[in-house]
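Here the structure comes first, spelled out in structure tokens, and everything after it is commentary.
Values in this text are rule-based calculations from the coordinates and carry no lab data. These figures come from a predicted structure and were not determined experimentally. Cβ atoms come from the backbone with ideal geometry, glycine included; neighbour counts cover every protein chain shown.
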Amino acid sequence: MKTARTNAAKDLYKQLRCLTWEQLWMEHVLAFNQGDQTSRSQNAGLVRAVGVVFSETGPRSQKNDVATWLRSLLQDSDEKIRRYAMAALPKIGAESADEDALLEILRKANPPEREMKYLARALDKIGGKATLEVMGGLPGQTALKVKASLAREAAPSEIRLDEVVESFAGFQIHLRGRRGLERFVRQELEASPQARRLFDFRNSRPGLVEIAPQSAFRLCDLLSLRCFGTLAFVLGMISKPDAAEIAALITASPVRGLFTKLTQGAIRYRLEFPSLGHQRGLVRDIANQAYGLCPDILNDARSAPWAVEIHPYGGQFSVELRPRFSPDPRFSYRRLDVPAASHPPLAACMARLAGNSGSDVVWDPFCGSGLELIERGRLGGVRKLLGSDRSAEAIDIAGSNLAASGLRVVADFFHGDFRSACVAPNSITQIISNPPMGRRVPIPNLQGLISDLLHTAARVLQPGGVLVFANPISTRSLNPRLKLDMTQRIDLGGFDVQIERHIKDHR
Ligand SMILES: C[S@@+](CC[C@H](N)C(=O)[O-])C[C@H]1O[C@@H](n2cnc3c(N)ncnc32)[C@H](O)[C@@H]1O
């Protein structure tokens with residue numbers, strides 16, 4: 001009987017959910033209000049539909065009326081109507097009157113278990129200071145969620161980049177990035193006297209470079225390296241993703257020290273399982289257990305400054321603490337983007353691969369938002385940057401990103417097909433480019449485009465000049481003066497390309 005009623009309520013909800021807001025409010029809610037208790041109970045699904053449809057298409061001007069109606073239903077004699085009203089209130093936008101109405105239920109009565117669950121879930125979402133004061137009876141998870149949202153609203157937390165991490169001994173650091181870029185990450189580390197003094201290369205695997213601090217360091221020291229994607233402290237290795245073990249790692253004393261040192265504001269983290277999907281149940285368990293161990297460390301999926309990530313590692317899992325930078329301070333000059341903009345660390349790798357003759361004239365024939373040019377400019381030794389793109393918008397964006405980078409370098413941009421750019425023979429020392437790959441925007445003759453690029457490079461490069469580009473196909477230079485010098489297969493986000501370096505001979 002209970003199941004039949006539940007199904008009927010669900011079916012009704014499904015039908016009503018497809019109606020317009022006006023139909024629901026003007027016809028069905030009116031009829032519901034005029035009905036007796038039996039008919040109201042039969043139409044409980046309407047309450048659920050009102051929350052969902054109003055949140056999607058309801059006019060804001062009616063919010064107070066809807067909230068008042070839902071709050072009145074919190075006192076209904078039908079338990080299902082009360083529960084649906086609890087679930088609908090956060091959906092339409094919370095107000096302190098809603099929180100008070102929910103807390104009133106808690107103060108007056110001792111709701112049955114199922115109702116208590118709905119009440120807690122609603123307070124998870126809209127609870128504030130008043131909820132924290134009457135926490136007795138509510139599950140710990142509600143305290144955690146309410147604390148996290150109060151902390152988030154009070155002030156956004158930030159990662160401290162300049163704080164010195166003294167207690168470095170135990171933590172290895174994982175630098176992750178696109179598969180195939182590991183050798184560039186290692187070379188960049190080893191080529192920087194400052195980074196080499198602070199960090200030791202340990203190991204690399206596809207998409208991962210492992211380093212260990214050698215002395216006290218700051219996050220900004222790590223961010224002086226530009227070829228990796230993300231950085232994370234390794235908190236420990238576990239054989240399987242077990243909530244108790246992960247919670248213990250997150251709240252271990254050295255980790256608390258790290259959190260405290262490097263966080264400005266409340267310590268909030270989100271949990272991520274890059275290879276396992278959402279894992280909602282596991283997230284809840286870890287969050288609650290970690291909160292039980294240390295109530296100052298708050299799980300919060302929204303704009304948390306830290307991510308705790310669980311990555312497969314060999315036959316095990318590595319639990320890592322990653323600062324979430326948005327935007328990445330290394331690439332904050334990217335004020336605007338083009339649709340197929342380069343992955344910034346890849347642009348940094350390509351710029352390094354081109355080298356530095358001390359007085360380079362650098363051309364990106366497909367400059368898009370300008371990342372390769374800007375990354376090359378940052379390495380110094382540039383006489384002139386040239387960019388061409390057939391999109392006028394891209395040319396504007398490249399110009400404004402270059403301005404935002406603060407580089408003082410002569411730059412010239414050309415709007416049009418790279419084949420018609422006025423570039424004199426033997427005038428360029430470096431071409432660095434990420435051409436269209438024909439993935440998002442089909443290219444009618446990609447092979448012809450890449451052949452033309454190689455041909456143009458052979459013509460405009462000075463003897464000894466360098467072409468570095470991401471080659472999406474296996475087209476090779478037919479020009480005997482342009483020699484393939486290095487190639488590296490990399491993952492460009494779901495498909496592989498070859499990063500190639502060609503050198504024009506001196507004949
Ligand atoms: C992969 S995107 C380049 C991304 C760029 N490196 C960045 O950092 O944003 C390729 C660019 O090539 C441009 N493009 C495509 N065909 C072109 C052509 N024949 N001549 C010049 N530009 C072209 C597109 O408009 C696009 O902006």
Quickly work out the residue 62-to-residue 242 label distance, labels modelled 7 Å from Cα along the C-beta direction, and quote it in nm with one decimal. 5.4 nm
Residue by residue through the stretch 88-96, which ³J(HN,Hα) values in whole Hz follow from phi under the Karplus form 6.51 cos²θ - 1.76 cosθ + 1.60 (θ = phi - 60°), with glycine and proline marked x? 7, 4, x, 5, 8, x, 7, 9, 5
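Can you give the FRET efficiency for residue 224 and residue 17, using 1/(1 + (r/R0)^6), R0 = 60 Å, r = Cβ-Cβ distance, to the nearest 0.05? Present the calculation step by step, with values, prior to reporting the outcome.
Numbers: r = 53 Å, r/R0 = 0.89.
With R0 = 60 Å, the Cβ-Cβ based efficiency is 0.65.
What FRET efficiency would be calculated for the residue pair residue 10, residue 326, taking the C-beta separation as r and a Förster radius of 30 Å, to the nearest 0.05? Before the final figure, lay out each step's value.
Details: r = 39 Å, r/R0 = 1.31.
Efficiency at R0 = 30 Å is approximately 0.15.
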Stretchable slack from residue 129 to residue 197, in nm (0.36 nm times residue separation minus alpha-carbon distance): 19.7 nm
From the backbone phi of the stretch 498-507, what are the Karplus-calculated ³J(HN,Hα) couplings (6.51 cos²θ - 1.76 cosθ + 1.60, θ = phi - 60°) in whole Hz, Gly and Pro given as x? 9, 8, 10, 10, 10, 10, 7, 6, 8, 4
If amide H atoms are built 1.01 Å from N in the plane of the peptide, which residues on other chains or at least 5 residues away come under 5 Å of the amide H of residue 431? 363, 466, 467, 468
Got a sec? How would 240, 10, 145, 384 order by Cβ neighbour count within 10 Å, fewest to most? 240, 10, 384, 145
Log10 I(q)/I(0) at q = 0.19, 0.21, 0.22 Å⁻¹ for the stretch 335-400, from Debye over equal alpha-carbon scatterers, is -0.66, -0.80, -0.87
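I need the per residue convex hull volume for the stretch 130-273, using only the alpha carbons, in cubic angstrom as a whole number. Walk me through the intermediate numbers first.
Values: hull volume 19.2 nm³, N = 144.
So the per-residue hull volume is 133 Å³.
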Under 23 Å from residue 504, Cα to Cα: lysines that are on another chain or at least 8 residues apart: 384, 483
Zone reached by a paramagnetic label modelled 7 Å from residue 296 Cα along Cα→Cβ, restricted to the stretch 248-282 with backbone N below 20 Å, covers 248-270
When the Debye formula is applied to the Cα atoms of the chain, each taken as the same point scatterer, what base-10 log of I(q)/I(0) results at q = 0.06, 0.07 Å⁻¹? -0.43, -0.56
Quick one: Karplus J couplings for the stretch 48-62, per residue in order, coefficients 6.51, -1.76, 1.60, θ = phi - 60°, nearest Hz, x for Gly and Pro? 5, 4, 4, x, 6, 5, 5, 5, 8, 9, x, x, 4, 4, 9
If I take R0 = 22 Å and measure r between the Cβ atoms of residue 116 and residue 284 in this structure, what FRET efficiency does the formula 1/(1 + (r/R0)^6) give, to the nearest 0.05? 0.85
Among the lysines, which fall within straight-line cross-link reach of residue 129, defined as a Cα-Cα distance under 24 Å, with same-chain neighbours fewer than 8 residues apart omitted? 63, 91, 108, 117, 145, 147
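Shape verdict for the stretch 2-138, please, from the Cα gyration tensor: rounded (a/c under 1.5), prolate (a/b greater than b/c) or oblate. Working shown, then result.
On the way: a/c = 1.97, a/b = 1.35, b/c = 1.46.
Judged from the Cα gyration tensor, the stretch 2-138 comes out oblate (a/c at least 1.5, b/c at or above a/b).
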Once you sort the root eigenvalues of the Cα gyration tensor of the stretch 335-504 as a ≥ b ≥ c, which label holds: rounded (a/c under 1.5), prolate (a/b larger than b/c) or oblate (the other case)? rounded
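Where does the chain land at 222 nm, in deg cm²/dmol rounded to the nearest 500, when only DSSP H runs of n ≥ 4 count, each adding -39500 (n - 2.57), divided by all residues?
Details: 20 runs with 212 residues, N = 507.
Calculated mean residue ellipticity at 222 nm is -12500 deg cm²/dmol.
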